[in-house]
Structures are given as C-alpha cells and as structure tokens.
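Take a look at the structure set out below.
The values are calculated or read from the model by the stated rules, or taken from the named source; none is laboratory data. The structure presented is a predicted model; accordingly, all values stated were derived computationally and were not measured. Glycine also receives a Cβ, built like all others from the backbone with ideal geometry; neighbour counts cover every protein chain displayed.
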C-alpha cells in the first residue's frame, strides 16, 4: 500500500523516498463529476483503481519520469502545456524538447522505453496559462505557467483546498535544473519569484520533498533552492580564477553531477547549464571570452 496524504479532494501518493528521482509523487484530484491526475511517475504503476479511473491526465511538464503511465492510461484525456505538447505527441517532438545530439537521443530513447514505459500520445491536448478544469462540486484545477525547467512547465493548483502541485520546482538540494534545449535559467529565476505569489496553502513537489503545509517552511525551502543558481555562478568564477578554461573543460568538472556519472545526457546538460551561466556572467561583466574560446574572469 502506497503512503498517501489527503488534502480535501486531493490525494498524494508518495513515491519511493518521498518521490526521489527516478520516482515521483502522484497527485489525484476527485471532483463530483470527474477525476484528474497530475503527471504519472514510477509510483503510478502501484496505485491501481484510483489512478486507473482518472478521466483527465494533466502534466506539469513533459519529461519521461512524469509520463510513465501515459501509454497505459489511454482512456484518460491528456492535457499538456502548449509549449511542451509536441514532446508528448511524438518522439520527434521529444527530441527537439531535449535538443541533444542524435547519438545521445538514441541511447536516451532506449533507456526511457525500458525504465519509464515511454510511449508517445499523439492525442495530447494543449493547455495555456490560466486554463481551468472544473471537476464538479466546487473542485477545480487551474494551470499557472512557470517555465524554466521546461518551456511549458506549470504549477497545477486545486483551488478549493489551495493545494499547489509545483512539479519540478522540487525544492531539493540539487537545485533548479535547466539543462535541456527547452530550459532557461532566466525563466526559471523569474518563475521562482512568481511562485512566491501563488495563492496556496499546501505545496506538493514532484520529487523528494513531498508535501509542505506551512508557508514559512515553503518559503525557506524555496529560498535555499533558488540560492543554488548563485552558488553555481560562484563555483564557475572560482574555477575561472584558477585559470582560463573552455566550455568543454568547465563541463567536465561537474557543476551539476559528480564527475564520472554514467548517464547519456550528462555532458550535454552540463554544457547547456554552464553556457547559460557564462552568458549571464558575461552580461554582468564578471567574465569575458577570448577569441580562442576560453573564458576568463574579467
């Protein structure tokens, strides 16, 4: 039996270690007329009838660890933000979403089919910022577009209980992830500020933190999470203080992941992340780039 928390019409099924990646936390919302589920992580395989009877699946964003049940739950109408919906509809769309080289994408495809039951959903419908789903009996869900982790990343709020599913603004010690083609450091930073203003009384993360029900705890966790962005700036500056370095050299030092982690996308994610930090540091005058491609402290 999966550990479950109930917040009014919202049920939260906690994945392994409170949804620590590669698992996640599953949200099911029951209205008088229909039932909605937010994302489908690995734990969705274990839930049974409460999830299998969902009328709607609403994704906070499209990544494989949030889409485990899409192939199995074909009867549920699938809704994905318009900026991510092509990634849900086809593998070609998902490839553009990631933006990795073909050899990395080939390895990734094999891994996500094996580990996350990946299947495209050509029938996925696009939602937009502010869209609302009425589930009956005063139970309603509203989407709040908070891009950065992906182009379409959104918080999903059940308004009668004030429960906000904040997806991969997951408040973990890893910090914000913006390592794909559809990701953006600057958008993520703005979304973290917007999240503070979201009208909510409980916050549910996709991964590891689970459920927070005290605003002070939520704001403290959000501040620590956001601080990782500046910490990464500081680490890059410290590395460049040692000597000028190329992007490839910096990416090999492990800004996000410990050196030697054997995952097919790690090098690309490191490079994409560091590129964005270097652009930000250059704009601020802290870093400059020479004609030979090496970065220096200004």
Of the residues in segment 199-215, how many are assigned to a loop (DSSP other than H, G, I, E, B), modelled with pLDDT of 95 or more and out of contact with any strand residue (DSSP E or B) (no Cβ under 6 Å at 6 or more places or on another chain)?
-> 6
Note: among 114, 96, 121, just one is in contact with a strand residue (DSSP E or B) (Cβ under 8 Å, 6 or more places away or on another chain) and farther than 13 Å from residue 152 by Cα, namely 121
Residue, farthest from the chain's Cα centre (by Cα), within segment 277-297, restricted to residues that are loosely packed, with under 13 Cβ neighbours inside 10 Å and closer than 17 Å to residue 232 by Cα | 285
Wholly within segment 8-100, which helices (runs of 4 or more DSSP H) include no fewer than the required count, namely at least 2 residues that are in contact (Cβ under 8 Å) with a residue 12 or more places away in the chain, at positive phi and surrounded by fewer than 24 Cβ atoms within 10 Å (Cβ to Cβ)?
-> 16-19
How many residues does segment 273-291 contain that are part of a loop (DSSP other than H, G, I, E, B) and touching a residue at least 24 places away in the same chain (Cβ under 8 Å)?
-> 2
Are any of the residues in segment 244-254 part of a helix (DSSP H, G or I), touching a residue at least 60 places away in the same chain (Cβ under 8 Å), more than 30 Å from residue 2 (Cβ to Cβ) and touching a strand residue (DSSP E or B) at 6+ places or on another chain (Cβ under 8 Å)?
-> no
Criterion (assigned to a helix (DSSP H, G or I) and surrounded by 19 or more Cβ atoms within 10 Å (Cβ to Cβ)) met by exactly one of 227, 223, 269, 238 = 269
Tally time: how many residues in segment 250-276 are within 21 Å of residue 99 (Cα to Cα) and more than 20 Å from the chain's Cα centre (by Cα)?
-> 6
Check whether at least one residue in segment 174-183 is crowded, with 21+ Cβ neighbours inside 10 Å and in contact with a strand residue (DSSP E or B) (Cβ under 9 Å, 6 or more places away or on another chain), and report yes or no.
-> no
